[in-house]
Every structure is written in C-alpha cells, then in structure tokens.
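The structure appears right after this line, and notes come after that.
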C-alpha cells in the first residue's frame, strides 16, 4: 500500500463519513442502488431518495417484480431518469441470468445497463472487498490536483491518465475503506471551490498545491453556447376535471416519465383533440411559459390549457396515456415542473 492510500485510510477512520444510509446495513444490492443514484448527484440529495427507495424495494427481487411506473414515481425529482430505468431493467436481468445475485466480477457488472467502469469498481470494492479502482467526479478532482493533471477530465487522453493514477494508488487491502476515503476527501475537503488544503491528509505530496494551481484544476468542461428549446404542451382537461398525461419516449428528456402531451409543430389544437381523443374543444387558453433548465439546454414549456366539451371517446393511438385527477396523489413518475403544474391545478 503506498503512502497516498495509507494516509487516506487513516484520515477516513477519524474524519470520514460513516453514517450514510447505505453504510448502516451494507448489502451488494443496497450499495448498487446507492452508487447508481450517486452518479452525477450529491450525497445530500441522494440520501432521502435512497431511504424511500429501499423502504419500498428492500430487495433486488422486489425491485425486479415492481412495475416501471412505480420505480420512476420514486425516482421523480432525482434527475437523469435513465438511471432508474436501467436499474429496473438490470434487476430483471440479474434475476434471469444470475438467480437474483448481483455479479461479483467486473465483466458481469459491466454487462448490466447503467453500470460503467467506475460504478462497477465501487460495487466490487465496497460490496465484495475486491481490488478495483474507481474514478467518479470526486476522485477525478483529487487525482487531477494531486498529480497536477492538466486538461478537462472528459477528454479521452486526460481520462486515461487519471485512470492510470487511480489504478496505481488503489491498494490490495482495506479496499472498501480506501474507496470511501478518496470519495469523501473529494466531497468534503478537496472540493471544487475553495479546497480545504490546510486539513488535507495528502497535501505534502500534492503537485497542484506546490505549484499554486489547485484552484484551476481540474480544468472545466469547455462550454458550448447554451441552447434553448421550446415545446408546446397541452394541458387537456375533461369535463370531470381530470388531466391527460402521456408517457414520454424512453430516449430523451424525462424518458419514461409521464408529462403533458406535446403538440407537433404546425398541428391545430382542435384537430389534435378530435384525432387523438375523439372530443371537441370547449376553450383554449395560453398560459405563462415555464423555463426549466436541463443539463445541456434550457427547456421552455409553452402550455395551452384545453377544456373538452365532452368526455373523450378514446385515449390515443397505442402510446401510454392516462387521465389523472390533479386533486389526488400521483401514482406514476412525472418530472418536477409537471408535478408543480398538477399541484396548481389540484389547488385551483
């Protein structure tokens, strides 16, 4: 074990996080769920979602048996919804292929949807005690500074360099403690802004600190021009006060969640309602647009509130659609801005 790993493990024993929900009763299944939720999401955000998720799906078998809508309903608000879909799909694969036991090999884990090299490494290290390197965002930052690696970590050459450092420092013993230690160091000490170098256990060997460049490493992602997309959404209300929701395609924004239907460009609202629902329109009202920032662009929702003159004769053309009473609790997954709009309708 090199001195870098030794110092991190010793530091973590005193200063690390030991009471995270997935640490209290660690199982391969719980660690897997946590690691997927932690992809691109902070611990403080993940913790309550993890606790609710594990309360409803305490075992891999329970997750595999559940309908996708129920899984996504608990995932709503956590973002990056493909993670929830992949977790559900992977649970069913594990049931079919490995009799309900999460694989304990790198190749086995990598064969599951939504598990990449770093997530697989974290599961192997923490669930099975196997020597496996990780390279999540926190670890990239620690290693980029410690070794003064220039460039954006998303570039292939930079990432290869960081993986080489990660492999070299990963010890053959106390692997679970080391894995948690380096993640904790990045999350609590070697932070993105204003790193706490004065209390860092490995600061004597940090090349970026010696050069005075720790604040600018790792290099940020090159920023493309921020784009804005607008979608006209239809808030269709039937005579009983129920609102039409439609499942979105799995690929794209809010994949697999339910939302208000989008009006295709150039299509007339009344014709859409008659063609899709077999109903005439009583009124159409344009509502204030809603700006919703996403990871790579800003989405502007332009809602049209439509009241039908009569009960709909049909639901649609084979895509998943349902009528939801906004005064009742949601039973399917919806995105945050859609949930807010439904609450306003229910309160009104």
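The values are calculated or read from the model by the stated rules, or taken from the named source; none is laboratory data. These numbers were taken from a predicted model, which means no experiment stands behind them. Methodologically, a virtual Cβ is constructed for each residue, glycine included, from the backbone with ideal geometry; neighbour enumeration extends over all protein chains shown.
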Residue hits (the stretch 172-198; closer than 23 Å to residue 210 by Cβ and not in a helix (DSSP H, G or I)) are 189, 190, 191, 192, 193, 194, 195, 196
Total residues in the stretch 129-171, condition surrounded by 15 or more Cβ atoms within 10 Å (Cβ to Cβ) and in a helix (DSSP H, G or I): 18
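Quick check on residue 46: is it in contact (Cβ under 8 Å) with a residue 40 or more places away in the chain, part of a helix (DSSP H, G or I) and in contact with a helix residue (DSSP H, G or I) (Cβ under 6 Å, 6 or more places away or on another chain)? Explain how you work it out, then say what you get.
Details: in contact (Cβ under 8 Å) with a residue 40 or more places away in the chain: no; part of a helix (DSSP H, G or I): yes; in contact with a helix residue (DSSP H, G or I) (Cβ under 6 Å, 6 or more places away or on another chain): yes.
No.
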Consider residue 63 carefully, then state whether it is farther than 23 Å from residue 121 by Cα and assigned to a helix (DSSP H, G or I). no
Taking the stretch 16-41 as the search range and keeping residues that are over 25 Å from residue 101 (Cα atoms) and without any contact (Cβ under 8 Å) to a residue 24 or more places away in the chain, which one is surrounded by the most Cβ atoms within 10 Å (Cβ to Cβ)? 18
Would the stretch 226-233 turn up any residue that is modelled with pLDDT of 90 or more and in contact with a helix residue (DSSP H, G or I) (Cβ under 8 Å, 6 or more places away or on another chain)? no
